[in-house]
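Reviewing the structure listed below.
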Amino acid sequence: MLVPDLKGQVALVTGGNRGIGRSVALALARQGATVCITGRNRETLASTAEELQAASPDSFWMACDVRDEKQQQAVFQEILKRHLRLDICVANAGEAALATATRTTLEDWRRDIDTNLTGLFITTTESLRIMMRRKSGYIIGIVSKAGTTAFVARASYCASKWGARGFLKCLAMEAEKSNVKVTALCPASVATDFQKNNPKGTDWMMASETVADAVLYLLSLEKNAYIDEWLISVWIKPEKPNPDQPSLIKPPG
Ligand SMILES: NC(=O)c1ccc[n+]([C@@H]2O[C@H](COP(=O)([O-])OP(=O)(O)OC[C@H]3O[C@@H](n4cnc5c(N)ncnc54)[C@H](OP(=O)(O)O)[C@@H]3O)[C@@H](O)[C@H]2O)c1
């Protein structure tokens, strides 16, 4: 696999304390990047930051709820105060309500939209403003297969992820003028806490390290190549029913 040399680069990973974000942050740190991880849980932030520092001593954590613009601004200020630059942004923090459209409460809806869409909007736009100054950088939004198709019991989650994917396309068009690449990375099911209540278990799901490998691959692409969207599916032997098959919602008529 191609691996990028990230020495001297500074990265932000939201939701970097556990799950996919933790695997991505560790992969970036092992390639030499200084990584700032954010999330709400200080205990897991501190323990993951310790692992990061073993590979990349200047890596650090900050508690930040991505739904709060002021908290996000404080993270960017701290990154610039310490390192004067930001090269890589992985907008990963996410939540998912488990409910069909008619059973989704307004509270569920707001949590998914505020975290997965508005939170990503704040993270990625501020990252781009900073990267525009140096005319280089890479922004990766961890979207989901749920941003490319419908899952009947993930109504608000699908809405937030389709929105995130659409927004990232607009951001990418603006970013290219500043030599900043933007990718919507869309994994199917990944074995993390996120899936802990999945009735089909998690053995068949991909590992969070696979998503981290995909991030490294994107960062290692030569300057004339670009992947704007990347759907990573779960591979199930054909004779088995695919538990990841979405129930497509057909439009009326
Ligand atoms: N697992 C999957 O099957 C799968 C598939 C495709 C895409 N994804 C996406 O991948 C991303 C990471 O998911 P995961 O599987 O790693 O889930 P996870 O293990 O549940 O981790 C979620 C991460 O997001 C953070 N987070 C949640 N709400 C937040 C908020 N309001 N502010 C700041 N941080 C917040 C959590 O940290 P705190 O709790 O400390 O805040 C945690 O670090 C999400 O965007 C998810 O939609 C997951």
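Of all residues in the stretch 23-44, which are part of a strand (DSSP E or B) and closer than 16 Å to residue 86 by Cβ? Walk me through it before giving the result.
From the stretch 23-44, those part of a strand (DSSP E or B) are 34-39; that's our starting set.
Of everything in the stretch 23-44, those that are part of a strand (DSSP E or B) and closer than 16 Å to residue 86 by Cβ turn out to be 34, 35, 36, 37, 38.
Looking only at residues of the stretch 45-96 that are part of a strand (DSSP E or B) and in contact with a strand residue (DSSP E or B) (Cβ under 6 Å, 6 or more places away or on another chain), we find that the one that is nearest to residue 121 (Cα to Cα) is 91. Taking residues in the stretch 210-229 that are free of Cβ contacts under 8 Å to residues at least 24 places away in the same chain and under 14 Å from residue 25 (Cβ atoms), and partners anywhere that are of a type in the set (S, T, N, Q) and assigned to a loop (DSSP other than H, G, I, E, B), not one pair has Cβ atoms closer than 6 Å while being at least 6 places apart or on different chains. Just a yes or no: is a residue in the stretch 27-41 within 12 Å of the ligand (Cβ to nearest atom), surrounded by fewer than 14 Cβ atoms within 10 Å (Cβ to Cβ), of a type outside the set (Ser, Thr, Tyr) and over 26 Å from residue 222 (Cα atoms)? Yes, the stretch 27-41 contains at least one residue that is within 12 Å of the ligand (Cβ to nearest atom), surrounded by fewer than 14 Cβ atoms within 10 Å (Cβ to Cβ), of a type outside the set (Ser, Thr, Tyr) and over 26 Å from residue 222 (Cα atoms). Scanning the stretch 4-54 for residues that are β-branched (Val, Ile, Thr) and in contact with an Asp or Glu (Cβ under 6 Å, 6 or more places away or on another chain) yields 10, 34.
Kindly check whether there is at least one residue in the stretch 164-171 that is more than 16 Å from the ligand (Cβ to nearest atom), in contact (Cβ under 8 Å) with a residue 12 or more places away in the chain and of a type in the set (A, V, I, L, M, F, W, C). There is at least one residue in the stretch 164-171 that is more than 16 Å from the ligand (Cβ to nearest atom), in contact (Cβ under 8 Å) with a residue 12 or more places away in the chain and of a type in the set (A, V, I, L, M, F, W, C).
Scan the stretch 172-216 for residues that are assigned to a helix (DSSP H, G or I) and either over 15 Å from the mean Cα position of the chain (by Cα) or loosely packed, with under 14 Cβ neighbours inside 10 Å (or both) and jot them down. Steps first, answer last, please.
Going through the stretch 172-216, the residues assigned to a helix (DSSP H, G or I) turn out to be 172-178, 193-195, 208-216.
Across the stretch 172-216, the qualifying residues are 172, 173, 174, 175, 176, 177, 178, 193, 195.
Which of the residues belonging to the stretch 8-22 are in a helix (DSSP H, G or I) and surrounded by fewer than 24 Cβ atoms within 10 Å (Cβ to Cβ)? Full working, then the answer.
Residues of the stretch 8-22 that are in a helix (DSSP H, G or I), as a first pass: 19-22.
Hit for the stretch 8-22 is 19, nothing else.
Restricted to the stretch 97-114, and to residues that are among the β-branched types (Val, Ile, Thr) and part of a helix (DSSP H, G or I), which residue is farthest from the chain's Cα centre (by Cα)? Give the derivation first.
Filtering the stretch 97-114 for residues among the β-branched types (Val, Ile, Thr) gives 100, 102, 104-105, 113.
Among the residues that remain, those that are also part of a helix (DSSP H, G or I) are: 102, 113.
Details: 102: 28, 113: 15 Å.
Filtering the stretch 97-114 for residues that are among the β-branched types (Val, Ile, Thr) and part of a helix (DSSP H, G or I), the one farthest from the chain's Cα centre (by Cα) comes out as 102.
Sort through 23, 59, 47 and tell me the only one that's within 10 Å of the ligand (Cβ to nearest atom), out of contact with any Gly (no Cβ under 8 Å at 6 or more places or on another chain) and small (Gly, Ala, Ser).
Values: 59 fails: within 10 Å of the ligand (Cβ to nearest atom); 47 fails: within 10 Å of the ligand (Cβ to nearest atom).
None of the other options fit; the residue is 23.
The numbers here are math on the coordinates, done by the rules we state, and not lab data. What you see is a predicted model; the values in this text were computed from it and never measured. With ideal geometry, Cβ positions are generated from the backbone for all residues, glycine too; neighbour counts draw on all protein chains shown.
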